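All remarks here apply to the structure that follows.
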Amino acid sequence: MWITVVAVAVAASGLGWVAGRRRQHPESPPTRPTTPPEPLVGEVLDALHFGVAVSGRDGRHEFKNAAAREVARTHAGVLIDDAIRRHLARGLVGITSEEVVELHGPPAEVFIVRSVALPSGGSVSFVEDVSERRRTERMRTDFIANVSHELRTPIGALSVLAETLVDADDREVVRRIVGRMQGEAERASRTIDDLLELSEIESGSERDFGPVRLGDVVRDSVGRVAELSARNEIAISMLDPVDGDGPRAEGLVVRGDAGKLVSAVGNVVENAVKYSDPGDVVQVRVRGTEGWGEVVVADEGRGIPRQDLDRIFERFYRVDRARSRATGGTGLGLSIVRNIANLHGGSVAVDSVEGAGTTFVLRLPLIDDAADVAPGDSDGMRTDDEEIA
């Protein structure tokens with residue numbers, strides 16, 4: 001019976017490849033299937049990425065492979081075991097059956113349990129975790145819907161404004177409409193630029209990595225936001241030296257793409273400025289700890305509700321849609337930050353208290369190539385809480 005189980009399991013995992021090869025080379029003579037030795041049967045079953053459970057013809061459970069045993073140890077184990085028992089029983093009476101078991105979590109999980117009768121008696125049940133596949137499909141569907149919406153909105157506005165402009169003869173009205181049209185065109189352009197950047201990062205295209213000083217990254221990032229912070233009356237304070245006896249900012253070097261790192265830090269600082277009130281201070285500091293370099297961006301803004309913290313790195317997710325549109329956000333900035341952090345072997349974390357502000361921490365692995373990096377235009381980070389108004 002074990003040989004039959006292996007044959008059924010391997011077929012379930014996709015022997016269509018063999019058939020495809022036969023179709024590509026019809027002149028190849030058919031090969032006789034090879035039966036694995038009995039001692040290898042358990043190893044073969046344990047090597048499968050999906051769960052396999054076997055019931056003898058008397059209805060007693062005889063075997064579970066490693067994947068099935070692993071599922072049994074999770075919080076989904078009771079439900080999965082119950083589904084396996086039901087479907088093995090159906091297989092014993094010759095019924096091929098399938099069921100989708102969904103757990104709403106968190107995290108949400110989806111399993112497919114299917115069973116078939118074995119020719120030699122008994123039945124076998126397969127358990128496949130399709131949670132990631134479902135999440136990917138849902139993200140793809142949401143992404144397409146969001147892109148359509150995000151681009152349709154400014155394009156629709158441009159169409160309406162253009163129609164209004166045709167009949168406008170008052171210079172002040174024309175000036176105001178043209179200004180609105182420029183704003184909508186810039187919004188569409190920013191969305192497209194962010195989508196292209198996100199696509200480039202996720203595609204794993206060629207990486208231009210080299211030693212990069214975190215101090216230079218922060219200076220360039222803050223420089224890009226200087227005009228916006230001045231317009232919004234937000235001060236940006238860059239603090240150095242770092243905590244305790246750690247190295248100063250200029251001694252912290254990571255290996256990465258300088259442009260992408262500036263984009264990541266710039267997105268976080270820009271968000272902090274946009275969601276702060278006039279007179280607030282945004283603090284940006286660099287610190288090193290146990291082989292990691294961290295860029296910390298803290299604001300005094302309205303903060304993020306606790307229930308939204310797990311979702312803010314999703315594409316197009318906005319905590320306050322009305323304010324996001326008013327500030328010109330595309331909803332892609334933090335998703336770009338997370339992807340850039342992952343690309344560099346790092347991470348990004350957030351902590352927030354409603355009404356008290358938000359702190360983002362971008363964490364990257366340090367290297368020891370500080371001597372090989374040419375210093376930036378300035379000699380280190382600004383010190384003593386020097387502010388950029």
ask   = If amide H atoms are built 1.01 Å from N in the plane of the peptide, which residues on other chains or at least 5 residues away come under 5 Å of the amide H of L118?
value = S123, V124
key: Approximate spin-label separation R231-R135, in nm, with each point projected 7 Å along Cα-to-Cβ   = 3.7
note = Simple SL model, points at 7 angstrom along Cα→Cβ for T289 and A168; separation in nm is 5.3
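Trypsin sites (Lys or Arg not before Pro), restricted to the stretch 54-161: which are DSSP loop and have at most 12 other Cβ atoms within 10 Å?
Values: sites: R57, R60, K64, R69, R73, R85, R86, R90, R114, R133, R134, R135, R138, R140, R152; in loops: R57, R60, R73.
Sites meeting the loop and neighbour criteria: R60, R73.
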query = In nanometres, what is the gap between the two model label sites at R175 and Q307, each 7 Å from Cα along Cα-to-Cβ?
reply = 4.6
request  = Kindly state, to the nearest 0.05, the FRET efficiency for V353 paired with I112, given R0 = 41 Å and r defined as their beta-carbon distance.
outcome  = 0.50
Interchain or long-range residues, amide H under 5 Å from F63's placed H = V54
remark   = By Cβ neighbour count within 10 Å, fewest first, E300, E102 rank E102, E300
inquiry  = Quick check: residue separation of L196 and R60 times 0.36 nm, minus the Cα distance between them. What number comes out in nm?
reply    = 43.4 nm
key: Per-residue HN-Hα couplings for the stretch 342-357 [Karplus 6.51, -1.76, 1.60; θ = phi - 60°; Hz; x = Gly/Pro]   = 4, 4, 9, x, x, 7, 10, 10, 9, 9, 8, 10, 4, x, 10, x
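FYI, it's all coordinate maths here, none of it is from the lab. In this text, all values refer to a predicted model and were calculated from it rather than measured experimentally. No Cβ is skipped: glycine too gets one built from the backbone with ideal geometry, and neighbour counts run over all protein chains shown.
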